[in-house]
Amino acid sequence: MTVSYDGRQIGRNLLIVLPWTSFLYIGYQLTNRYPWTAPHHLPLLPFEADIPFLPWTVIPYFILIAGMYLPVLIESRPKLIEAMTALTITVLINYSIFILYPTVYERPPVPSGDGPSEVLYRWLIGIDTPANCFPSGHISVPALGCWYLTHQHSKRRGVVIALVYAVLALSVLTTKQHYALDILGGLATAAIGIAVARQMARRRRLAA
């Protein structure tokens, strides 16, 4: 399958994706900074103790976060609407869990270096508290964009997209922002969002 991107189409998509993702992000910041109940710590899986803290991986971590804007590359308008529906459902599930069962991660000592990665890491933890761990929105949101893009491209390109996502996803562990369980939770809520959005899109097509 050959996909040729149209700059005008991307611009039109951006007018939908950017305002809506920005609006949804308000909910993340509210639940991140104002927990309703006392937060909980999740158990570390055995292998997590051996994962080193790598401040430089904050760079792939931010690239992963930028994955929330991947829907701008979706060519089909119905698929774009479906993807944004899936995104909305997913983050609403995430936010509900953040409210009902807030979780935190005990971060390592803040790096004191003046390198770009250390400065960027300090900026990150300045805008993002240790809360909102499970499920990981930094996993579920870009997973949605990758899912829809893999189905838009050939199988070979889809595999490349999935592999890049998987590598970037490891940064949530090496930056000590999330538990391994958060990754599973993030993938689960993304899967629910996709499944519900696809069902809703199917019903709209049948009703048309």
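Over the chain, what is the mean sequence separation of C-alpha contacts under 8 Å (at least six apart), divided by residue count, expressed as relative contact order in percent?
33 percent
Could you run the Karplus curve 6.51 cos²θ - 1.76 cosθ + 1.60 with θ = phi - 60° over the stretch 22-37 and give me ³J(HN,Hα) per residue in whole Hz, x for Gly and Pro?
5, 5, 5, 5, 4, x, 5, 5, 5, 6, 6, 10, 10, x, 7, 9
Keeping all protein chains in place, calculate the accessible area per residue for the stretch 1-137 (probe 1.4 angstrom), answer in Å².
It amounts to 55 Å² per residue over the stretch 1-137.
So how much accessible area does L163 have, in Å² to the nearest 10, using a 1.4 Å probe?
Number for this one is 110 Å².
Could you order R156, R12 so the one with the most accessible surface comes first? Probe is 1.4 Å.
Correct descending sequence by accessible area is R156, R12.
Based on alpha-carbon centroids, what's the gap between the stretch 1-71 and the stretch 144-208 in Å, whole number please?
12 Å
Rolling a 1.4 angstrom probe over the protein chains, ignoring ligands and nucleic acids, what is the accessible area of F62 in square angstrom, nearest 10?
Accessible area, nearest 10 Å²: 50 Å².
Quick one: order K155, K176, K79 from most to least accessible surface, probe 1.4 Å.
Descending accessible area places them as K155, K79, K176.
With Cα extents along the principal axes in Å as the read-out, I listed [x] 54, 36, 32; [y] 48, 47, 36; [z] 68, 39, 33; which label goes with the value calculated from this structure?
[x]
Can you tell me the order of 178-187, 29-38 when each peptide is scored by its average per-residue count of other Cβ atoms within 10 angstrom, highest first?
The densest-packed peptide leads the list: 178-187, 29-38.
Computing the accessible area with a 1.4 Å probe over protein heavy atoms, can you report the carbon and sulfur percentage for the stretch 83-208?
Roughly 70 percent, rounded to a whole number.
Roughly how many debye, to the nearest 20, is the charge dipole of the chain about its Cα centre, given +1 on each Lys and Arg Cβ, -1 on each Asp and Glu Cβ, and no other charges?
Taking the Cα centre of the chain as origin, the dipole is about 1080 debye.
Any chance you could look up the accessible area of M200 with a 1.4 Å probe, heavy atoms only, rounded to 10 Å²?
80 Å²
Quick check on the stretch 10-69: take the gyration tensor over C-alpha atoms, sort the square-rooted eigenvalues as a ≥ b ≥ c, and tell me if it's rounded (a/c under 1.5), prolate or oblate.
Verdict is oblate for the stretch 10-69.
The values are calculated or read from the model by the stated rules, or taken from the named source; none is laboratory data. None of the values given here were measured: they were computed from a predicted structure. As a convention, Cβ positions derive from the backbone with ideal geometry for all residues, glycine included, and neighbour counts pool all protein chains shown. The protein model used for the area step is the full one, side chains on, heavy atoms only, and it has no ligands, DNA or RNA in it. Shrake-Rupley method; radii C 1.70, N 1.55, O 1.52, S 1.80 Å.
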